[in-house]
1. Given R₀ = 51 Å, FRET efficiency for residue 200-residue 130 by Cβ-Cβ distance, to 0.05?
2. Taking the highest mean first, how do the peptides 212-220, 170-178 order by number of other beta carbon atoms within 10 angstrom per residue?
3. Quick one, can you get me the convex hull of the C-alpha atoms of the range 135-218 expressed as volume per residue in Å³?
4. In what sequence do 152, 72, 59 fall when counting other Cβ within 10 Å, fewest first?
5. How high is the relative contact order of the range 173-267, in percent, counting Cα pairs under 8 Å that sit 6 or more residues apart?
6. For the range 158-262, take every pair of Cα atoms, bin their distances at 5 Å starting from 0, and report each bin as a whole percent.
7. Need one word for the range 130-175: rounded, prolate or oblate. Basis is the Cα gyration tensor (sqrt eigenvalues a ≥ b ≥ c); a/c below 1.5 gives rounded, then a/b vs b/c decides.
């Protein structure tokens, strides 16, 4: 099932699954049903503000500037990589709707990863609007678009298994997410799944946590402790990594690492 939510400012326009809210557009993309149109107008949020004039010829909605209206909004598609993993995510875009109602200057401000951002941008480039108006004249305005990719139907993908607490799925998904350049440093994505798998005692996840803290965070003490956890579960190469780290650590760091590794609550 696919549904989309578009939101612009204080105006909300549900279009089937599509809803528009002033300066904040939300698009939910599960996988394929017809999109119906329905419009509902709300009052602008009290915190909204608008500059006295346009910046680079582009206005903000409000204070005499009406919101653009979506007239054509094809839904984004899932990337194959995200579909195979059963991965769900949110992409936030910033764009300008010009005086002809065309989307311009589209850029990602919060990445979903796994190819979903590219799919969101492909769809947004095809959207068409009745332009915003100021004093009876069409004008260009800024809006933000939040595209939520959600899967409905049978939930057998890695993402769903990982969210259900399957340590092996959590580890596998973490490796996919951490290999994505857009998500590699996002704590809430790949690292969070890796940590959950490791804390369930999955040896390869414990070892991967050692690799993560050593190479990405340069925290040798925490890395050593995770390698020690993997060593207890007889994971290959753990001894080698611990010896390598010990040679790089100060006596104080090594002492702290061994103390934590031997404790019942190392983290």
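A short reminder: the numbers here are calculations on the coordinates, not readings from a lab. From a predicted model like this one, the values you see are computed outputs, not experimental measurements. Backbone-built Cβ (ideal geometry, glycine too); neighbour counts: all protein chains shown.
1. Values: r = 52 Å, r/R0 = 1.03.
Taking R0 as 51 Å, the efficiency between residue 200 and residue 130 is 0.45.
2. Top to bottom by mean Cβ count within 10 Å: 170-178, 212-220.
3. Details: hull volume 12.2 nm³, N = 84.
It is 145 Å³ per residue.
4. On the way: 152 12, 72 9, 59 21.
Taking fewest neighbouring Cβ atoms as first place, the list is 72, 152, 59.
5. Reported relative contact order: 19 percent.
6. It works out to 2, 15, 23, 23, 17, 13, 6, 2, 0, in whole percents.
7. prolate
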